[in-house]
């Protein structure tokens, strides 16, 4: 495609480790090979990402899987149908608690690397005792109302017998405020993605109580979302994007590239977190508490080809959680609209047409 | 000027921009104004203040905190929605272009909010224009310093007059399709290397 004018695409992203495949496609050359010129635009909130995609400032953006479902169910402001032709990774979230809360949980059986339900039951004991002593409820934070963080945190709480709506206070907090909020005691825990867990553990102010890949197996996380209209009008561009991201996923899955990837992401215009912390995550070495040895968790965050399938099953999983927590009403009429947002068949045929074995 | 009874809350980490908007709204008759600068516990603050309209800048990661208020939640007494008029999408596009977003309590009539949003858009734009002008002035100042230094180097090394030195820089800039300041920078870098 050299010589021919490349199609320019404006793509929004958040400074999170799982913007990696967009950065790789742009920096390592997979986008160029597909005749695409990506303009990666960093954003400061999920609400901005959603709005800028809806009004056309962005052609596509890194999105939370439940954002796509919410927009297609008409729960957003714009009610612009969205589609995800490819995913950008699975997992990477964890539940962090403050040192004080962790110490309290430890006296009820919590210990580093234990089953999530064991940790949650320890939390339930702390919650009970605080209530009995007339102390304020614990405040736990997540990143967005329509996020897997929200649902993973709720499922984890339920597994220990904690009612997320009655026994604790759940709030939204932007990750950049996490460290200060934990330190200052405004929040007692947080469900967040990387590099924020690693940063909080490294700073010695938070302890990982559970990794979300233990709460949900292969948890959906980010997709490349775009207006359904844009995808319908530009099938060729979408196919090239899918192939570029697939190339990036192959590259990112190769352990010999992890060091380079960590360095790329550490640049201030992308994630801007220390390369050594992100490298450890890419290698699956998860430190639960500062000063403790890291545990090997290769399934914690996945960026390889198997993690980029925009699975239709995501719609069912998320829709069920939205019903469970009262974000959508009881009927299932919206489920088809939610399913239509994940272009799993399209993904498979694009790769088949390119002679690539689907993951 | 009719006094307006709506309670407005401005969330902006940029102190100067917030005060420009605050002043404009006061002049327009809005007396019940709160400017929030402390971003910790933002939701609590909003719940306590019970504003009718919230204006927030788009660079602010706390926009996601406000998103929580559309959810049926015991945290919030009054449900809040983003100010989006489906019939007139250009209004919301203009707001996002200008870098501001508005949230309103449910049931508030559109006409009562539109002028506030319009004012926020125009003040954000004016501020942006000011910022661009300021950046440009700063850049010109930096450029001039570079050019003066480069001229000095050329005058000393090539024994040229000031005018002559400047025309040399300008010609090199035109030939290389660069800015004069960029050429000046390379002259300075080269001189430092050869020191």
query: Can you tell me which of A:57, A:77 is crowded, with 19+ Cβ neighbours inside 10 Å, within 20 Å of residue B:91 (Cβ to Cβ), more than 20 Å from the chain's Cα centre (by Cα) and modelled with pLDDT under 95?
result: A:77
task: Please identify the pairs in which a residue from the stretch B:32-48 that is within 16 Å of residue B:103 (Cα to Cα) and within 11 Å of chain A (Cβ to nearest Cβ) has its Cβ atom under 6 Å from the Cβ atom of a residue that is part of a helix (DSSP H, G or I) and modelled with pLDDT of 85 or more, counting only partners at least 6 apart or on another chain.
output: B:42/B:65; B:43/B:65
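Report, by residue number, each residue of the stretch B:42-64 that is outside any helix (DSSP H, G or I) and crowded, with 19+ Cβ neighbours inside 10 Å. Full working, then the answer.
Going through the stretch B:42-64, the residues outside any helix (DSSP H, G or I) turn out to be B:50-62.
If the condition is that a residue be outside any helix (DSSP H, G or I) and crowded, with 19+ Cβ neighbours inside 10 Å, then B:51, B:52, B:53, B:54, B:55, B:56, B:57, B:58, B:60, B:61, B:62 are the ones that fit.
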field: Tally, over the stretch A:54-80, of residues that are away from chain B (no Cβ under 11 Å) and either closer than 23 Å to residue A:324 by Cα or part of a helix (DSSP H, G or I) (or both)
entry: 9
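Answer yes if at least one residue in the stretch A:242-262 is free of Cβ contacts under 8 Å to residues at least 24 places away in the same chain and within 18 Å of the chain's Cα centre (by Cα), and no otherwise. Walk me through it before giving the result.
Of all residues in the stretch A:242-262, those free of Cβ contacts under 8 Å to residues at least 24 places away in the same chain come to A:254, A:256-257, A:259-260, A:262.
Now restrict to residues that are within 18 Å of the chain's Cα centre (by Cα): A:262.
Checked the stretch A:242-262: at least one residue is free of Cβ contacts under 8 Å to residues at least 24 places away in the same chain and within 18 Å of the chain's Cα centre (by Cα).
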message: If I filter the stretch B:148-185 down to residues being surrounded by 15 or more Cβ atoms within 10 Å (Cβ to Cβ) and farther than 25 Å from residue B:136 by Cα, which single residue comes out as modelled with the lowest pLDDT?
response: B:160
- request: Tell me, yes or no, whether the stretch A:250-258 has at least one residue that is buried (at least 24 other Cβ atoms within 10 Å of the Cβ), in contact with a helix residue (DSSP H, G or I) (Cβ under 7 Å, 6 or more places away or on another chain) and assigned to a strand (DSSP E or B).
  value: no
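Among the candidates A:238, A:215, A:171, A:187, single out the residue that is buried (at least 20 other Cβ atoms within 10 Å of the Cβ), more than 14 Å from chain B (Cβ to nearest Cβ) and modelled with pLDDT under 95.
Details: A:238 fails: modelled with pLDDT under 95; A:171 fails: more than 14 Å from chain B (Cβ to nearest Cβ); A:187 fails: more than 14 Å from chain B (Cβ to nearest Cβ).
So the residue among A:238, A:215, A:171, A:187 that is buried (at least 20 other Cβ atoms within 10 Å of the Cβ), more than 14 Å from chain B (Cβ to nearest Cβ) and modelled with pLDDT under 95 is A:215.
Run down A:199, A:157, A:138, A:182 and say which single residue is touching a residue at least 24 places away in the same chain (Cβ under 8 Å) and under 17 Å from the mean Cα position of the chain (by Cα). I'd like the intermediate steps shown before the answer.
Numbers: A:157 fails: under 17 Å from the mean Cα position of the chain (by Cα); A:138 fails: under 17 Å from the mean Cα position of the chain (by Cα); A:182 fails: under 17 Å from the mean Cα position of the chain (by Cα).
Only one candidate passes the filter, namely A:199.
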field: Considering residues of the stretch A:294-338 that are more than 19 Å from the chain's Cα centre (by Cα) and within 27 Å of residue A:195 (Cα to Cα) only, the residue farthest from the other protein chains (Cβ to nearest Cβ)
entry: A:296
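Which ones in the stretch B:1-30 are exposed (fewer than 15 other Cβ atoms within 10 Å of the Cβ) and closer than 15 Å to residue B:119 by Cα? Steps first, please.
Initial filter on the stretch B:1-30 (exposed (fewer than 15 other Cβ atoms within 10 Å of the Cβ)): B:1-3, B:5, B:15-16, B:19, B:23, B:26-29.
The answer is B:19, B:23, B:26, B:27, B:28, B:29.
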task: Look at residue B:123 and say whether it is over 16 Å from the mean Cα position of the chain (by Cα) and either crowded, with 20+ Cβ neighbours inside 10 Å or more than 19 Å from residue A:77 (Cα to Cα) (or both).
output: no
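Could you please find all residues in the stretch A:141-168 being more than 10 Å from chain B (Cβ to nearest Cβ) and part of a helix (DSSP H, G or I)? Give the steps one after another, and end with the answer.
First pass over the stretch A:141-168, keeping only residues more than 10 Å from chain B (Cβ to nearest Cβ): A:148-149, A:151-164, A:167-168.
A:148, A:149, A:151, A:152, A:153, A:154, A:155, A:156, A:157, A:158, A:159, listed by residue number.
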- prompt: Quick check, is residue A:98 at pLDDT 95 or above, surrounded by fewer than 24 Cβ atoms within 10 Å (Cβ to Cβ) and over 30 Å from residue A:283 (Cβ atoms)?
  reply: no
- line: Matching residues in the stretch A:31-51 (within 14 Å of another protein chain (Cβ to nearest Cβ) and surrounded by fewer than 21 Cβ atoms within 10 Å (Cβ to Cβ)) number 3
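The values are calculated or read from the model by the stated rules, or taken from the named source; none is laboratory data. Since the model is a prediction, treat every value here as computed from it, not as a measurement. Cβ sites come from the backbone with ideal geometry, for glycine too, and all protein chains shown count toward neighbours.
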